[in-house]
Structures are given as C-alpha cells and as structure tokens.
Amino acid sequence: MKRLVIVGGGYFGVDAYRAVLREAGREVRSGEIQMTVVSMGEHHAFHGWTGEVLGGIVAPAHMLTSLVGLLPRASFVHGRVVSADLVARKVTVHLPDDTECVLPFDRLLLGTGSRDALECLAGVREHGWCLKTPGDLHAFRAKLHAELRADQLGRPALRVAVIGGGFAGVEMAAAIAELGRARGGREVQVHLIGSGERLLNELRPRYARLAEYAERELRALGVELHLGPRATAVTADGVRLASGAVVASDLTLFTAGVAFDVLPGTLDLPRDEQGRLVTDEFLRVSGRDDVFAGGDAAVVARPSGGVCPTNALWAMKHGMWAGANAARSIQGRPLRRFSYGGLGQAASVGVGRGVTELKGVQFTGLPGWVLRLGFFAWYMPSRRQSVRVLRDWWQLAARGRRLDGEGTLNNSGVKPRSAPALLRGERRGPGRVEQ
C-alpha cells in the first residue's frame, strides 16, 4: 500500500485530492493507495464571497463546505502539522485534544497556504481586524453590523479604514461603503489606504482601464482614497501614514500582504526570498521526487513566463497538476508538465458593478459583475453551496434584503429596489450614480 498525505484543506488540497481520484481511482478504491488530508479547519472556505458576506448578501455558512463531505475517499485528520521528517517520510500532527499522531507517507503534497503578514505593521495585532480565516471574518462582520444597527441613529459617523490597494482591499472597501448606504441609520465613512500611487497594480499597465473604472466606482460610493504614503502603524483611533498624516478610524481592516510559515523539518528545501517553496515544472519541490507543492506557499513557473499569481484559481490548478503527478509517480507513469495558461481576474466594486479580465478581454460594469458572479459560482467546490449562494443573491435582487450580523434577513427600513435597479448598480444618497 502506498500512502499519500495532503497537507492543507484549501484550494490546492481539495483539487489535489480530486486529481488523484481521476488518475488512480481504482487504486484508491481498492486500498492500494491510501489518501490522508490534514487541515487545521474542518471546512473549506471559499474566499471569493468575502465582500458579499461582509455586506450581508451571502450567508457566512454558504462560503464554507465540510471537508469530510468533500473528501469521501480520503481519511480526514483535523489538526496542524507541526513537523516533517523527510528522511523517514513521516509528518507529525497536533490534534485538537492536545495529542499527536504520526502519518507516514510515500508522497507528500504541501498546500499550506499563507497567513496575514501582521508582523509588518505596528499595532495591527492589537487594533486591527483581518479576514483570512472564517473566525476572523465572523468577528469583524459581527462588529461591523453591530455598529451599523438602526438604533444607533444620532451617533457620529462610523469611520472604517481599509489597508491595502489590491483586489481584497478594493472589494472590502466597496462592500462596506455599499452596506452603509443599504442599511440606512448610522453614516459610514470608508477610507482605503494603498502604498502605491494607484489602486490595483496587479492590473496595470495592460488592464489599466479596469483599474481606472474601479477607482471611479469607489469614489462614487464615497470611499476616500489615500494613495502613496504607506501605513506605518495602527492605533486605537486611526492609521498613521509614512507622510506623518493620520487617517482617523473606529475600525481598521488589514488586507495588505501575506507571509509564509516554514514547517519544521523542511528548512533545507529550496525557497525564494519570501519563504515560498520552489517547484519544478511537474510541481515537485526542486530536488525531491516525493514532495509536491502549490498554491500560495509555492513558487510555480508560469508557462508563459514569470511565476504564477497567488490566487484561488491558480492554487486549484496547482492542486490538479500536483495530485495527478503524485498519483502518476506512484504508478510509475511519466509526469506531465504544468501547462495552465490562466483564465483571468475579476473584482466587484458594488452590486452590478465589476471589473473582469477574461483571456485578455476587458469587461466593466454589469457585464464585468455578471462574469465574476458566474465565474465564482462555477468554481466553488460544492454545487450545493453554489446554489445556496445564488439563492442569497436572489433574496437581494427580488426583495432587497440583506443579512444582519446574526445572519437573519433584515431590510433595515430601506425600501427594496427592483432587480434591474440593483443589477444596474443604482445608488441612493450622496455620491449616487445611475446609468
């Protein structure tokens, strides 16, 4: 019997599992290959809907899928891998009950992902909020919605600072600003802080039109942009910038930068300057025949040149190739070179407003938003959860209802708009934009 251990239950891990089944389903079902998936969480979290969860459009539970249900042919271990012995081919897992177990392997697949780089900004641990884990998202969402409840009319405006000028920062700033308008009651002032001269540098210069559209839509929503000087510290009442200015805030959301932890026992594996594992064209960690890696925690060469972006779709494709090649290596078959060329990228800047690049073609406004919605719904790991998300969207379009901080439907006294009006992105209040 051959043992295959997958570390991580995220995008890479789930698609690696599925790829092994496609390549070696008979051996898995007969017990010749035994798969084990180790994850610190019991659910796969689809981060594409984070803005919609914050905005009360998608129920938090609908972005989570049970890993036990997703991995029926694997043994699932809920725990944290604390060390690896690459000579003896085994990993040690710390379990929730404070015991440990040892898992031997013939092939090891590392999809350990990334974490928020909290160490790069003073005060963010004490005074900031993050969204990367379901627990972090739930805590910030509950706090945000509690501050916006209708019985707080008359209180000063709620000031929210979002640090990060990339896709995550843009989507969160738009979602929070739109939520404030939709809920009525307490006014919301959203500040987006980016260290670059412009937003969405990932799209520039080739897709600058998309980035410029996103900037215009944020301004139309009333989001104040602070670009150029980087954030240097987060305090209880604001964000200090390198220019000496202070952006006052009651809630500060950190979406800038990720970091990578090194698993003890893998220190000698080749890494780049950020600490990511370096892989070859078959998704093997360079110099190893039995260790594969992908997703955020790995540097994978892009077939068209450069390295793969760190996002969900690329992590899924890494998982597909790594899982397939791990299975083929066990079977003694030739490995396949990574050849995925990319599909595109997308962001929402409000209901009915989006930017999407699809195979080099640029879409803005309603077409960009619809493409993003369909793209994300299609790539969710569970069709059942995908249908539930689409039903959540229908609740908004048909009834104008959003979920409150406790996850119950609430229209907050705001008269619902028609589905066409919602999808056109018509807005009420200061800075209203209608097309």
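Candidates in region 1-21 are the residues that are part of a strand (DSSP E or B) and aliphatic (A, V, I, L, M); of these, the one that is farthest from the chain's Cα centre (by Cα) is Leu4.
Could you count how many residues in region 265-287 are aliphatic (A, V, I, L, M) and under 25 Å from the mean Cα position of the chain (by Cα)? Break it down into steps so the answer makes sense when it comes.
The first filter runs over region 265-287 and keeps only residues aliphatic (A, V, I, L, M), leaving 267, 269, 277-278, 283, 285.
Add one more test, that the residue is under 25 Å from the mean Cα position of the chain (by Cα), and what stays is 277-278, 283, 285.
The total comes to 4.
Restricting attention to region 213-224, report how many residues are in contact (Cβ under 8 Å) with a residue 12 or more places away in the chain and surrounded by fewer than 17 Cβ atoms within 10 Å (Cβ to Cβ). Going through region 213-224 one residue at a time, the tally reaches 2. Within region 316-359, being under 16 Å from Ala301 (Cα atoms), touching a Gly at 6+ places or on another chain (Cβ under 7 Å) and small (Gly, Ala, Ser) holds for Gly319, Ala322. Scanning region 146-166 turns up no residue that is under 21 Å from the mean Cα position of the chain (by Cα) and part of a helix (DSSP H, G or I).
Can we say Leu200 is within 30 Å of Val278 (Cβ to Cβ) and touching a residue at least 60 places away in the same chain (Cβ under 8 Å)? So Leu200 fits the description; yes.
Looking only at region 279-297, which residues are under 17 Å from Val258 (Cα atoms) and not in a loop (DSSP other than H, G, I, E, B)? Passing the criteria: Gly295, Asp296, Ala297.
To keep it simple, each residue is scored yes or no on (1) in the same structural domain as Glu187 (by TED's automatic domain parsing); (2) closer than 26 Å to Ala347 by Cα; (3) touching a residue at least 12 places away in the same chain (Cβ under 8 Å); (4) crowded, with 16+ Cβ neighbours inside 10 Å.
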residue: Ala231; (1), (2), (3), (4): yes, yes, yes, yes
residue: Ser243; (1), (2), (3), (4): yes, no, yes, no
residue: Val247; (1), (2), (3), (4): yes, yes, yes, yes
residue: Thr252; (1), (2), (3), (4): yes, yes, yes, yes
residue: Asp272; (1), (2), (3), (4): no, no, yes, no
residue: Phe282; (1), (2), (3), (4): no, no, yes, yes
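The set of residues in region 143-167 that are closer than 15 Å to Ala231 by Cβ and crowded, with 20+ Cβ neighbours inside 10 Å comprises Val160, Ala161, Val162, Ile163, Gly164, Gly165.
Out of Lys317, Lys359, one residue alone is of a type in the set (D, E, K, R) and in the same structural domain as Gly13 (by TED's automatic domain parsing). It is Lys317.
The values are calculated or read from the model by the stated rules, or taken from the named source; none is laboratory data. Only a predicted model underlies this, so the values are computations on that prediction, with no experimental measurement involved. Cβ coordinates were reconstructed from backbone atoms using ideal geometry, including for glycine residues, and neighbour counts include every protein chain displayed.
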